[in-house]
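J.: Here you go, one structure.
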Amino acid sequence: MTAALPMLELRGLSKSFELHHQHDARLKVLDSIDLSLHAGECVVLAGPSGAGKSTLLRVIYANYRISRGAVCVRHDGGWLDLAEATPHQVLDVRRRTLGYVSQFLRVIPRVPALDIVAEPLIEAGTATTEALQHAGALLHRLNVPERLWRLPPGTFSGGEQQRVNIARGLIVPRPLLLLDEPTASLDAANRAVVAELLEEARNAGSAVLGIFHDEDMRQRVATRLFPMRPLETS
Amino acid sequence: MTPTYNFAFLDENTKRMLRRALLKAVAIPGYQVPFGSREMPLPYGWGTGGIQVTAALLGPDDVLKVIDQGADDTTNAVNIRRFFARTAGVATTERTAEASVIQTRHRIPETPLREDQILVFQVPEPEPLRTLEPREAETRTMHALADYGLMHVKLYEDIAQYGHIATSYDYPVLVDGRFLTSPSPIPKFDNPKLDHSPALMLFGAGREKRLYAIPPYTQVESLAFDDHPFEIQRWEHQCALCGSGESYLDEVVVDDCGTRMFVCSDTDYCGEHLAEAVA
Amino acid sequence: MNALLQVRKLSRHYGQRIGCQDVSFDLHPGELLCIVGESGSGKSTLLNTMAAQLAPSAGSIRYRQKNDAWLELDALSEADRRRLAREEWGFVTQNPRDGLRLNVSAGANVAERLMALGMRDYGRLREIASSWLARVEIDPLRIDDAPTSFSGGMQQRLQIARTLVTQPRLVFMDEPTAGLDVSVQARILDLLRRLVNELGLAAVMVTHDLAVARLLAARTMVMQGGCVVETGLTDQILDDPQHPYTQLLVSSVLTT
Ligand SMILES: Nc1ncnc2c1ncn2[C@@H]1O[C@H](COP(=O)(O)OP(=O)(O)OP(=O)(O)O)[C@@H](O)[C@H]1O
Ligand SMILES: Nc1ncnc2c1ncn2[C@@H]1O[C@H](COP(=O)(O)OP(=O)(O)OP(=O)(O)O)[C@@H](O)[C@H]1O
Ligand SMILES: [Mg+2]
Ligand SMILES: [Mg+2]
Ligand SMILES: [Zn+2]
C-alpha cells in the first residue's frame, strides 16, 4: 500500500474555557495535542469520561474555538489552518470537506426527516429529486421505516432520530468525518449498518476520527486508537 | 365692466406670479407647480383655481366660455362667466368654436379644440396618488423620481373588485411619458381628447395651490394593464334630443313618474348637432 | 467568494447618544446573518443604517449590485436608494402594519412590487400573488381580503410574501417574529428558512432570540451598548461564547 495522504494535522492543540461568570474560572481541557490522520484511516479517541474527547472533535469542527495550536485540514488540495480561517472559509470546509455527526439530532421544527437528510446534498448542489432519492435509499439502509420519512423527527424514538442524524451526516461523501458516539442508542443490527457505511467511506478514501464507547463497534471500525486522559485540575 | 376692480379682478403682480407659474407648468408637462393662491370672492370648491388661471390669461380681446359638467347654463358656469364679464369686460359665448378661453369643470367639449384655444380646468385634488399615499412629502418624492409603483395598485384593486377597471372619472394619465397626472374629474370618455390636443390645457387647484399644464400636442397616456386595456364609456342609446351616437350622455329624469332619457352632456354640441340634423 | 455587502467602521450616533459604533463585517450572497443583543444595544440602528434608511455618522457601506458594480451607500442619492429598495432589496419590519399597505387587498400588497418593476399583465400579477400567498400558507381564496382582516401572524406572512415576490438579492429583517405567539413564530421561521434556501438570498436579521439565530443563521453578531462584542459562526458563539456578555446571554436561555 502506498503512503496514504494526510488529511488532518493537529499541532500543539490546546483548549481551555474561561467562565467569566463563575469567578473567572479557567478550565483547561486539551493540552498540546498532536495528531495526524490519513486517508482511509479510522482513529478512535479512547479515554474516560471528561477526558476531552468530545471537546477535541468540536474544536476540530470549529464548533469550539481553538485556544492555542493549529488544526490543519486538507481542503481544496491545500492545507488550511482552521485556527486562522475566516468564518466563511470554515463554512466552506464544513460544506465540502469536514463532516460531523453528533449523538443527537438537532431537529428543525416542521421539516420532514427525508428533507433533513437530503438538505446537505441539496446545499452541495445536487438536484432536489436526486437528493431526495439518495436520502430515501440511505434511510432505507438504516432501517428507518418509510412511513416516518415524511414526518418531522421531533417525535421519533432516540434510535430513529440517531439514524436520521447519521444519514444526514453521511449523505455527502466528505474526505474527513468526525463522529461523536453516533451509535450510542442503536441496536446491533443498525450498528452493523453504520460500521458498513463507515467502511465504505474509508474505502472511498475518507479519514474518520470518532468516539465509540461500544467495545464491539470499536473493534469493527478502528484502525488505530488515540488515547486521551483528563488533565490534572490545577 | 365695473371700473372699481383691476382688469379681471386680480392685481397685476398676482397675475404676473400666476403667469410665471403657468410658464413653468408648460415647460414641465404634468408637473404640479406650487403657486400663491389668492382669496377669491367665492369659496374653494367653486373653481377658484381655474378662475385664477383664467384671470391671468384673459386679455380684452378674449372670448370666454364657461362650462360645468358640459353645460353653460348651470349656476356655477353662469356666475363665473358673469364675474369675468363684470371684472374684465370680455365677450362671453356658449359656443365652443367661438371661444378663445374655455374654463371647465368636469368635461372637455365634444367639438374638437384648435391651436388658438386654451382650456382651463378646475381641479379639486391635483394629486393622483393622494388616495393611496397621504403624505405630501412622499408623493412629491415619488414624482421627482418617477417612482410610480403605486400607480397601478388602484387599477388592480378595481379589477379585483369589479372584474374591470371601474374608475370612470379622474382616470390617471401619464403626461409626456413622465409625470403621473390627474386629468381632473372629467369622465374617462374625455381622456383621449387630452392626447396630442392642439389646444393648450391648463389646470388650477385653488385650495391645494397647484397649477399644471398639458401643452399642445403632448402625449397623454391613460394607465392600463396589458390584458385590461384602457376603454371609454359606450352607450346603447343615442342622444334623445339630437340623435348623436358619439357624445358623452347624461341620464336625466324628465318627469315625476321617473321617466329617464339620455341626452348630450355638452349642451352646445347638442344644440349644434340638432341644428345640423334639422337643416 | 465575493462579498455582497461590505460594512467598515460603521457608526451612527443620535446627537451625543451612541446608536451603533465601529461595526465592520462582510455579508456574502446566499448568507443569513443574525444580529442579537439586548434591547437598546443598537440592532435596529445598525440594520437601518446598512439598509440606507439612516445616514451613518462615520464609516462606509459598500453594496455589490446585480451588474457587479460596487455602490457606496453613504453617497447614495435618494433616486438610487429607492431603485435599490425596489429592485434589489427587501425590508421586513417588526410590525407588519408598518410594512403593509393596509388600505388595499392582500393581492395588491403582493403585486405592488411587481407593478413597480413594470409588470403590466393583470392575470399574471394575480397568478403570482396567489402562488405567493400559498407559499406563505395563506389561503389564496383570501387574495381580495384586506390585510386588516388577517391575524398578526398572517399579516407577517403577507409582508414576507410582499417583500420576497420580486426575489430580492438582499433582505433586511427587524425582529420579524417578535410579538407573535410561539407556534406562529415557528411557522414563520420555518418558512423563512425554506425561502432563504430556495431563493438563495442574502439576509440580515435582527433578533433577540438565540434559538432563532441557531435555526436560521450560519453567522451571528452579538451587540452590546452599540458595539459588536462578538462575531462568528452561530454554533460557535452559542456553544463556546467568549465575551462575558455573550456568556451571560447564552446561559440565561434554556438550552434547546
Ligand atoms: N462548552 C463548554 N463549556 C465549559 N466546559 C466545557 C464545555 N464543553 C466541555 N467542557 C468541559 O470539558 C471537559 C471535557 O468534556 P468532554 O465532553 O470533552 O469529555 P468527553 O471526553 O467527551 O466525556 P464523555 O465520555 O463523558 O462524553 C469537561 O470537564 C467538560 O465539563
Ligand atoms: N431616533 C432616535 N433618537 C435618539 N436615540 C435613539 C433613536 N433611535 C434609537 N436611539 C437610541 O439608540 C440606542 C440603540 O437603539 P436601537 O433601537 O438601535 O436598539 P435595538 O437594539 O434595536 O433595541 P430593541 O431590541 O429594543 O429594538 C438606544 O440607546 C436608543 O435609545
Ligand atoms: Mg463526549
Ligand atoms: Mg430594535
Ligand atoms: Zn345631443
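The values are calculated or read from the model by the stated rules, or taken from the named source; none is laboratory data. Please read all numbers here as calculations on a predicted model, not as lab measurements. Every residue, glycine as well, gets a Cβ built from its backbone with ideal geometry; the counts of neighbours run over all protein chains shown.
J.: Within the range B:27-68, how many residues turn out to be hydrophobic (A, V, I, L, M, F, W, C), in a helix (DSSP H, G or I) and closer than 16 Å to B:Phe84 by Cα? Spell out the reasoning first.
T.: Taking the range B:27-68 first, the residues hydrophobic (A, V, I, L, M, F, W, C) are B:27-28, B:33, B:35, B:40, B:42, B:46, B:51, B:53, B:55-58, B:63-64, B:66-67.
Keeping just the survivors that are in a helix (DSSP H, G or I) gives B:27, B:51, B:53, B:55-57.
Right, trim to closer than 16 Å to B:Phe84 by Cα and you get B:51, B:53, B:55-57.
Qualifying residue count, the range B:27-68: 5.
J.: Another question, if that's okay. Taking A:Ala51 and the conditions (1) within 9 Å of ligand 1 (Cβ to nearest atom); (2) without any contact (Cβ under 8 Å) to a residue 60 or more places away in the chain, which numbered condition does it fall short on, given that it satisfies the others?
T.: The one condition A:Ala51 does not meet is (2).
J.: Which count do you get for residues in the range B:222-259 that are away from ligand 5 (no atom under 15 Å from the Cβ) and farther than 30 Å from C:Arg120 by Cβ? Spell out the reasoning first.
T.: Of the residues in the range B:222-259, the ones away from ligand 5 (no atom under 15 Å from the Cβ) are B:222-234, B:236, B:253, B:255-259.
Right, trim to farther than 30 Å from C:Arg120 by Cβ and you get B:236, B:253, B:255-259.
Counting residues in the range B:222-259 that are away from ligand 5 (no atom under 15 Å from the Cβ) and farther than 30 Å from C:Arg120 by Cβ gives 7.
J.: Among the residues of the range C:115-144, write down those that are surrounded by 22 or more Cβ atoms within 10 Å (Cβ to Cβ), in contact with a Gly (Cβ under 9 Å, 6 or more places away or on another chain) and either over 18 Å from B:Pro229 (Cα atoms) or more than 8 Å from every other protein chain (Cβ to nearest Cβ) (or both).
T.: Matches in the range C:115-144: C:Ala129, C:Leu133.
J.: If a residue has to be in a loop (DSSP other than H, G, I, E, B) and of a type in the set (Asp, Glu) to count, how many in the range A:174-185 make the cut? Write out each step before concluding.
T.: Filtering the range A:174-185 for residues in a loop (DSSP other than H, G, I, E, B) gives A:174-175, A:181-185.
Narrowing further to those that are of a type in the set (Asp, Glu): A:181.
The qualifying residues number 1.
J.: Mind checking whether some residue in the range C:203-223 is away from ligand 2 (no atom under 16 Å from the Cβ), of a type in the set (Asp, Glu) and within 14 Å of another protein chain (Cβ to nearest Cβ)?
T.: no
J.: Can you say whether A:Arg110 is basic (Lys, Arg), over 30 Å from A:Asp76 (Cβ atoms) and within 14 Å of chain C (Cβ to nearest Cβ), as far as the supplied structure shows? Steps first, please.
T.: Numbers: basic (Lys, Arg): yes; over 30 Å from A:Asp76 (Cβ atoms): yes; within 14 Å of chain C (Cβ to nearest Cβ): yes.
So A:Arg110 passes the test.
J.: I'd like the residue in the range A:49-65 that is hydrophobic (A, V, I, L, M, F, W, C) and assigned to a loop (DSSP other than H, G, I, E, B) and, out of all such residues, is farthest from ligand 5 (Cβ to nearest atom).
T.: Keep residues of the range A:49-65 that are hydrophobic (A, V, I, L, M, F, W, C), which gives A:51, A:56-57, A:59-60, A:62.
Restricting the remaining residues to those that are assigned to a loop (DSSP other than H, G, I, E, B) gives A:51, A:62.
Numbers: A:Ala51: 103, A:Ala62: 86 Å.
Selected residue: A:Ala51.
J.: Would you check if C:Asp80 is within 14 Å of chain B (Cβ to nearest Cβ), away from ligand 5 (no atom under 16 Å from the Cβ) and either closer than 18 Å to C:Tyr245 by Cβ or not in a loop (DSSP other than H, G, I, E, B) (or both)? Give the steps one after another, and end with the answer.
T.: Working: within 14 Å of chain B (Cβ to nearest Cβ): yes; away from ligand 5 (no atom under 16 Å from the Cβ): yes; either closer than 18 Å to C:Tyr245 by Cβ or not in a loop (DSSP other than H, G, I, E, B) (or both): yes.
Judged against the criteria, C:Asp80 is a match.
J.: Now for a different question. In the range A:222-234, which residue that is among the charged types (D, E, K, R) and part of a loop (DSSP other than H, G, I, E, B) is farthest from ligand 1 (Cβ to nearest atom)?
T.: At the first step, the residues of the range A:222-234 found to be among the charged types (D, E, K, R) are A:224, A:229, A:232.
Add one more test, that the residue is part of a loop (DSSP other than H, G, I, E, B), and what stays is A:229, A:232.
Working: A:Arg229: 9, A:Glu232: 12 Å.
Checked the range A:222-234; the qualifying residue farthest from ligand 1 (Cβ to nearest atom) is A:Glu232.
J.: Sort through C:Pro147, C:Pro168 and tell me the only one that's more than 16 Å from ligand 1 (Cβ to nearest atom), crowded, with 21+ Cβ neighbours inside 10 Å and under 20 Å from C:Leu216 (Cα atoms). Steps first, answer last, please.
T.: Values: C:Pro147 fails: under 20 Å from C:Leu216 (Cα atoms).
Unique residue meeting the criteria: C:Pro168.
J.: Here's something else I'd like to know. Name the pairs whose Cβ atoms lie under 7 Å apart, with the first residue in the range A:17-43 and free of Cβ contacts under 8 Å to residues at least 12 places away in the same chain, the second more than 16 Å from ligand 3 (Cβ to nearest atom) and part of a loop (DSSP other than H, G, I, E, B), and 6 or more positions between them or separate chains?
T.: A:Glu18/A:Asp24
J.: What are the residues in the range B:69-103 that are assigned to a strand (DSSP E or B) and at pLDDT 95 or above, if any? Break it down into steps so the answer makes sense when it comes.
T.: Quick first cut of the range B:69-103, residues assigned to a strand (DSSP E or B) only: B:71, B:91-92, B:101-103.
Result: B:Ala91, B:Thr92, B:Val101, B:Ile102, B:Gln103.
J.: Next up: Would a scan of the range C:176-183 turn up a residue that is in contact (Cβ under 8 Å) with a residue 40 or more places away in the chain, more than 16 Å from ligand 4 (Cβ to nearest atom) and buried (at least 20 other Cβ atoms within 10 Å of the Cβ)?
T.: As a first pass, look at the range C:176-183 and keep what is in contact (Cβ under 8 Å) with a residue 40 or more places away in the chain: C:176, C:178-179.
Checking the rest, the ones that are also more than 16 Å from ligand 4 (Cβ to nearest atom) come to none.
No, every residue in the range C:176-183 fails to be in contact (Cβ under 8 Å) with a residue 40 or more places away in the chain, more than 16 Å from ligand 4 (Cβ to nearest atom) and buried (at least 20 other Cβ atoms within 10 Å of the Cβ).
J.: Take the range A:186-221 and flag every residue that is within 16 Å of ligand 1 (Cβ to nearest atom) and either assigned to a strand (DSSP E or B) or in contact (Cβ under 8 Å) with a residue 60 or more places away in the chain (or both).
T.: Applying the first criterion (within 16 Å of ligand 1 (Cβ to nearest atom)) to the range A:186-221 yields A:209-215, A:217-218.
A:Leu209, A:Gly210, A:Ile211, A:Phe212, A:Arg218, listed by residue number.
J.: Follow-up. Return the only residue of A:Leu132, A:Leu139, A:Leu98 being closer than 26 Å to C:Met221 by Cβ, modelled with pLDDT of 95 or more and of a type outside the set (D, E, K, R). Walk me through how you get there before you give the answer.
T.: Working: A:Leu132 fails: closer than 26 Å to C:Met221 by Cβ; A:Leu139 fails: closer than 26 Å to C:Met221 by Cβ.
Just one listed residue meets the conditions, A:Leu98.
J.: Determine if the range A:58-65 includes at least one residue that is within 14 Å of chain C (Cβ to nearest Cβ), over 27 Å from A:Val221 (Cβ atoms), within 14 Å of ligand 1 (Cβ to nearest atom) and touching a helix residue (DSSP H, G or I) at 6+ places or on another chain (Cβ under 8 Å). Spell out how you get there, then give the answer.
T.: Restricting attention to the range A:58-65, the residues satisfying the condition of being within 14 Å of chain C (Cβ to nearest Cβ) are A:58-65.
Now narrow it down to the ones that are over 27 Å from A:Val221 (Cβ atoms): A:65.
Add one more test, that the residue is within 14 Å of ligand 1 (Cβ to nearest atom), and what stays is A:65.
From what's left, touching a helix residue (DSSP H, G or I) at 6+ places or on another chain (Cβ under 8 Å): A:65.
The answer is yes, given that some residue of the range A:58-65 is within 14 Å of chain C (Cβ to nearest Cβ), over 27 Å from A:Val221 (Cβ atoms), within 14 Å of ligand 1 (Cβ to nearest atom) and touching a helix residue (DSSP H, G or I) at 6+ places or on another chain (Cβ under 8 Å).
J.: Could you tell me whether any residue of the range C:89-97 is at the interface with another protein chain (Cβ under 8 Å from one of its Cβ atoms), at pLDDT 95 or above and buried (at least 21 other Cβ atoms within 10 Å of the Cβ)?
T.: no
J.: So A:Val71 ticks every box in (1) among the hydrophobic types (A, V, I, L, M, F, W, C); (2) surrounded by 16 or more Cβ atoms within 10 Å (Cβ to Cβ); (3) over 28 Å from C:Gln247 (Cβ atoms) but one. Which box is left unticked?
T.: (3)
J.: Sticking with this structure for a sec: Mind counting the residues in the range C:134-148 that are at pLDDT 95 or above and either in contact with a Pro (Cβ under 8 Å, 6 or more places away or on another chain) or closer than 26 Å to B:Leu129 by Cβ (or both)?
T.: 6
J.: Being in a loop (DSSP other than H, G, I, E, B), surrounded by fewer than 21 Cβ atoms within 10 Å (Cβ to Cβ) and hydrophobic (A, V, I, L, M, F, W, C) is the filter; apply it to the range B:138-177 and report the residue that is nearest to the other protein chains (Cβ to nearest Cβ).
T.: B:Leu145
J.: Being away from ligand 1 (no atom under 12 Å from the Cβ) and either on the phi > 0 side of the Ramachandran plot or of a type in the set (S, T, N, Q) (or both) is the filter here, so list the residues in the range A:21-48 that pass it.
T.: A:His23, A:Asp24, A:Ser32, A:Ser36, A:Gly40
J.: Can you find, within the range C:210-237, the residue that is surrounded by the fewest Cβ atoms within 10 Å (Cβ to Cβ) among those that are closer than 17 Å to A:Val107 by Cβ and not hydroxyl-bearing (Ser, Thr, Tyr)?
T.: Residues of the range C:210-237 closer than 17 Å to A:Val107 by Cβ: C:210-216, C:234-235.
Narrowing the set further to residues that are not hydroxyl-bearing (Ser, Thr, Tyr) leaves C:210-216, C:235.
Working: C:Leu210: 23, C:Ala211: 16, C:Val212: 23, C:Ala213: 25, C:Arg214: 18, C:Leu215: 20, C:Leu216: 22, C:Asp235: 21.
Among them, the one singled out is C:Ala211.
J.: Can I ask one more? Any residue at all in the range A:90-98 that is more than 12 Å from ligand 1 (Cβ to nearest atom), closer than 21 Å to A:Ala222 by Cβ, within 14 Å of chain C (Cβ to nearest Cβ) and among the aliphatic types (A, V, I, L, M)? Break it down stepwise before answering.
T.: Taking the range A:90-98 first, the residues more than 12 Å from ligand 1 (Cβ to nearest atom) are A:90-98.
Pick out the ones that are also closer than 21 Å to A:Ala222 by Cβ and you get A:98.
From the residues that got through so far, the ones that are within 14 Å of chain C (Cβ to nearest Cβ) too are A:98.
From what is left, the residues that are among the aliphatic types (A, V, I, L, M) are A:98.
Among the residues of the range A:90-98, at least one is more than 12 Å from ligand 1 (Cβ to nearest atom), closer than 21 Å to A:Ala222 by Cβ, within 14 Å of chain C (Cβ to nearest Cβ) and among the aliphatic types (A, V, I, L, M), which makes the answer yes.
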